[in-house]
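S.K.: The structure that follows is given in the form of structure tokens.
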Amino acid sequence: MSASPSIFQHLLADILLRPIQKFLRKFLPIEIESPKAGSAPLLLIKFIFFKCGGVAIGNCLSHKIGDGCTTSTVINNWAATARGSGKTSENIPEYNAASIFPPDDFLKPYMDVIGTNYITKRFVFDASNIAALRTKVASASVPKPTRVEAVTALIWKCTIAASRSIRGFPNLSLTVHSMNLRKMVMQTLPDGCAGILLGTIIANEGKGDRIARPSTRDGKGMEALVSLSKEDMALFEHDKVLLAFAAANPSVLPTTNQRPGLLSDL
């Protein structure tokens, strides 16, 4: 493990009021596309100290030893230990996944570069909008779509619409879902089972676009980090069909009284 400190001359609240994806990448100890992830320490930690006294922690865990669920387990147990409560998470990391699912070379330890012309933006779907969306997209073939299916279908539809508007024809597209297999095997595995326990589902319908869909803070909504070319994003982020169900980069904090100009130099 390698750790490094960094000091930012901004307030943590300013970052949370306006979470700019390009700026948030500065909180990571290494670029996520860096091939150094294949030879660097398996776990990198970066501590960010704000002038208000707030602290943020950025981490990068190599896919050589774990997936997103492994990272969550490690961080949650670390936080429990740091609080000094004497209690740790029920899902203590168990490094035994390799004996169940032997490592494979299909997953690189770093993310492929998607190009310099791409931009990432955040869209948030709250629980009520997801419920409305699921009702809207339900069909005879899929009478009860999951929230992931509903949100993915909407984003996919809007990205195809943006591409078609610019190029005059729809591009061949492909969607790939990475799934946590811990609850899907015959012998259910605990979340603390550390390693790479991912499966993929592929559907045909582009290009190098990326979508990440973590849950919101309350566990009921979803956040989508969408990476598109700048041209496609210019249309996608203003799509009325999308914005009927999603909020574009809302504040992470309960209040929305942001003071103007605080992050103008970011």
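S.K.: Tell me the net charge near VAL142. Cut-off is 11 Å between Cβ atoms, VAL142 excluded, with +1 for each Lys or Arg and -1 for each Asp or Glu.
M.R.: Here the charged neighbours net out to +1.
S.K.: What list of ³J(HN,Hα) couplings, whole Hz, do you get for region 157-162 from phi and the Karplus terms 6.51, -1.76, 1.60, once you set θ to phi - 60° and write x for glycine and proline?
M.R.: After applying 6.51 cos²θ - 1.76 cosθ + 1.60, I find 4, 6, 5, 5, 5, 5 Hz.
S.K.: Quick one: if you take sqrt(5λ) for each eigenvalue of the C-alpha gyration tensor of region 116-189, what semi-axes come out, biggest first, whole angstrom?
M.R.: Semi-axis lengths for region 116-189 are 27, 18, 14 Å.
S.K.: For LEU253 paired with ASP126, estimate the spin-label separation in nm (one decimal), with each label point 7 Å from Cα along the Cα-to-Cβ line.
M.R.: According to this spin-label approximation, the distance is 1.9 nm.
Any read-out appearing in this document is the output of simple, stated calculations on the displayed coordinates, not a laboratory observation. Only a predicted model underlies this, so the values are computations on that prediction, with no experimental measurement involved. Note that we place each Cβ from the backbone using ideal geometry, even for glycine, and neighbour counts take in every protein chain shown.
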